[in-house]
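Reading through the structure tokens given below for one structure.
Readers should treat all values here as calculations from the given coordinates under stated rules, not as data from a laboratory. Bear in mind that the values here come from a model prediction, so they are computed numbers and not experimental data. Backbone-built Cβ (ideal geometry, glycine too); neighbour counts: all protein chains shown.
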Amino acid sequence: MTRRRPFFVTFLAPAVVTAVILAAAILEVLQYSVREFIPGSLDVGGFTLENFVRINRPIYWLVLLDTFYISLLTAVFSLLLSYPVAYALVRAKRDWVRSLLISLSITPLFTGEIVRTLSWMLTLGADGFVNSILRKLSIIDMPIQLMYTRFGVVVALVQFSMPVMIILLATAISHVDRDCEKAAANLGASPTAVFWRITLPLTMPGILSGVVVIFAWTMSAFSTPQLIGGGKVLMISNLAYLQGFSVLNMPFAATLSLIALVAALGSLALMKSATGRLEKRLAIH
Amino acid sequence: MRVFAFWSLVTAILVYMTLPTIVVLMTSVNPTEILAFPPEGISFQWYQKAVTYPDFQTAFWNGIVVTSFASTLALIVGSTFAWLVNRYEFAGRGVLEAVLWSPLIIPHFTLGFGFLLLGGAFRLQQGYVMVVLAHMVLVMPFVTRAVYVSLANVDGDLSRAAANLGASPFHVLTRIELPLVLPGMAGGWLIAAVISFTEFTASLYVTGSRTQTLPVAMYNYIREYADPTVSAISAMLIIATTLLMFIADRAFGLRRVLAIDTH
């Protein structure tokens, strides 16, 4: 004992207890994923790897691929739509414009997924806002199918992910050294060239982390594909819920939940190594 | 011209971001079940139906109970942990930090499922204890971060000066450090409370019909009925969270807590 450490044990204990409870919950999922499913019973059988073998069927592969595809689309479109807003938010000259942009783009984050999903159901439904407006303007006669489509799910997911993407991009843009841009402009670069050759490359780490964070986040989306997909669009979360609560195959539901967790952790680990390399390269140039 | 095009683009994107909120607000005051645009008048009947619907009343109070316990427990555990991380190096610190931050990455349905199974193992499934524990773990990273950011801004010389002048470690903690991080703690608690109150996915797994929280009750309602009662609840939630976040920003500098820097 080199030195007294006041409060060390007192403050460490609650954190350790919480960590143990959390770890226990995740270990329960792990434990169930290697158990045998007994049809018609909530009890599980002995240890088996059968659940992981079962994943290897085309119907499950399709759900995994669809999850991957929807997450990728969401991440890319979220980036394309968030960048201009983040740029405006950081570079706006007037204070009230900045405040307005922050409120409009960040507040949706706090209303919760059910409220936001419901809002999109009302917007995209057959009698919803978009269809009524289009009908009123006589652009269409029959409502367009937006609900229960992959398109509808992505439209909602992109909007959900934008506040987080905007925060990450705004942070990256605010760290760009304005002197670099001024130097380029003084040397004769047009504003467009300054943006494409200076600002955008300098915000690359932020872009990369934004895309991966949203990708990982969307892979675990549940309520949007559940309600807007309505069973027609299945992501891994919906399949896990279906297996757990309709089929009552808890072991397979656990396996799917575990795969989702590994996918989320994996993509974030990939990002960490990629941004590390990118930052090194930016530092050299 | 380019500036005009840029701001038009930004405006269009913001319209896309806010359109669903506007639609839900409009629906909530619509006089009939079928939506009409432009609306054919204003009615508050759905609000009345929403606040008198027994399932929503129960779910609202469940949510208040769960949120109060979960955010307060998360505040206690999160602030003491942030203080510890700020002050001491110790073996296993990295592992402990990683575990306690992990709910930001773990899919909520995996976490909810884990707590459901854990509850089953202790015969506590669908009870308040498991719901509170799941929520507490989910919101803790936000509280910890808020307190950690405030602690990092506290001048360590103040604590050392007080200690040199004879204050006990307990006095330094309660008289010097606590008052300085109190705004961070309050801001963190508020964010935690809002996230807990509106959390859906994990709640769907860990709650039962007796313990369901408001978002779960709303989900069950949407699956059975198509009238704007849920829109009225949503509108109230949107207004309440917007107001809370506005107050939080004014009082505790929410932007600093969320670490959004603008110049």
| note | Output ordering of B:195-202, A:122-129, B:150-157 (per-residue mean of other Cβ within 10 Å, highest first) is B:195-202, A:122-129, B:150-157
| If r is the Cβ-Cβ distance from A:K232 to B:I76 and R0 is 41 Å, what FRET efficiency results, to the nearest 0.05? | 0.35
| task | Per DSSP H run of at least 4 residues, take -39500 (n - 2.57); add these up for chain B, divide by its residues and hand me the 222 nm value, nearest 500 deg cm²/dmol. | result | -24000 deg cm²/dmol
| Extension gain B:Y16-B:K49, at 0.36 nm per residue separation less the Cα-Cα distance, in nm? | 8.9 nm
| message | 7 Å from Cα along Cα→Cβ at both B:D227 and A:H175: what's the point-to-point distance in nm? | response | 5.3 nm
| request: Within segment B:1-33, report the chymotrypsin sites (Phe, Trp or Tyr not before Pro) that DSSP leaves as loop and that have at most 11 other Cβ atoms within 10 Å. | output: none
| In whole Å, how far is the Cα centre of segment A:190-226 from that of segment B:173-214? | 29 Å
| query | Taking Cα centroids, how far is segment A:233-285 from segment B:132-163 in Å? | reply | 29 Å
| query | Hey, what angle do you get for helix B:108-121 against the long axis of chain B, alpha-carbon based, 0 to 90 degrees rounded to 10? | reply | 70 degrees
| query | When you look at the Cβ of every residue in B:17-30, what mean number of other chain Cβ atoms sits within 10 Å? | reply | 6
| field | For segment A:1-76 and segment B:1-67, distance of Cα centres in Å | value | 36 Å
| query | Can you work out ³J(HN,Hα) from phi for every residue in segment B:122-136, in order, using Karplus 6.51 cos²θ - 1.76 cosθ + 1.60 and θ = phi - 60°, giving whole Hz and x for Gly and Pro? | reply | 9, 6, 10, 5, 6, x, 4, 4, 5, 4, 5, 4, 4, 5, 4
| said: How far apart, in nanometres, would the label points at B:I247 and A:R277 be if each is projected 7 angstrom from Cα along the Cα-to-Cβ direction? | reply: 5.0 nm
| task | Normalising by the residue count of chain B, find the relative contact order in percent from Cα pairs under 8 Å and 6+ residues apart. | result | 29 percent
| query | What percent of all Cα-Cα pairs in segment B:46-257 falls in each 5 Å bin, counting up from 0? | reply | 1, 7, 13, 16, 16, 15, 12, 8, 5, 3, 2, 1, 0, 0
| field | chain A, helix-only ellipticity at 222 nm - DSSP H runs n ≥ 4, -39,500 (n - 2.57), divided by all residues, nearest 500 | value | -23000 deg cm²/dmol
| field | Total charge dipole magnitude, segment B:1-129, about the Cα centre, Cβ charges on Lys, Arg, Asp, Glu only, Debye to nearest 20 | value | 280 debye
| request: Report ³J(HN,Hα) in whole Hz for each residue of segment A:225-232, in order, from the Karplus equation J = 6.51 cos²θ - 1.76 cosθ + 1.60 where θ = phi - 60°; Gly and Pro get x. | output: x, 5, 8, 7, x, x, x, 7
| task | Any chance you could run the full-extension gain for A:A193 through A:R94? It's 0.36 nm times the residue separation minus the Cα-Cα distance, nm to one decimal. | result | 33.1 nm
| task | Can you give me the span-like helices of chain A, meaning DSSP H runs with 30 Å or more of Cα extent along the axis and Kyte-Doolittle mean at or above 1.0? | result | A:8-33, A:58-91, A:150-174, A:250-284
| task | Within 10 Å of each Cβ in peptide A:91-102, how many partner chain Cβ atoms are there on average? Round it to a whole number, please. | result | 2
| field | Cα coordinate range in the protein assembly as shown, projected on the principal axes (Å, largest first) | value | 80, 72, 50
| field | Partner chain coverage, peptide A:214-224 - average Cβ within 10 angstrom | value | 3
| Going 7 Å from the Cα of B:L104 toward and past its Cβ, which residues in segment A:173-190 have a backbone nitrogen under 13 Å from where you end up? | none
| note | Given the candidates A:L208, A:A260, A:F222, the one whose Cα lies deepest towards the positive end of the charge dipole of segment A:49-284, counting +1 at each Lys or Arg C-beta and -1 at each Asp or Glu C-beta, is A:L208
| query | List the lysines whose alpha-carbon lies under 24 Å from that of A:K182, not counting same-chain residues fewer than 8 positions away? | reply | A:K93, A:K280
| said: Given a Förster distance of 22 Å, report the FRET efficiency between A:Y69 and A:V262 from their Cβ-Cβ distance, rounded to the nearest 0.05. | reply: 0.75
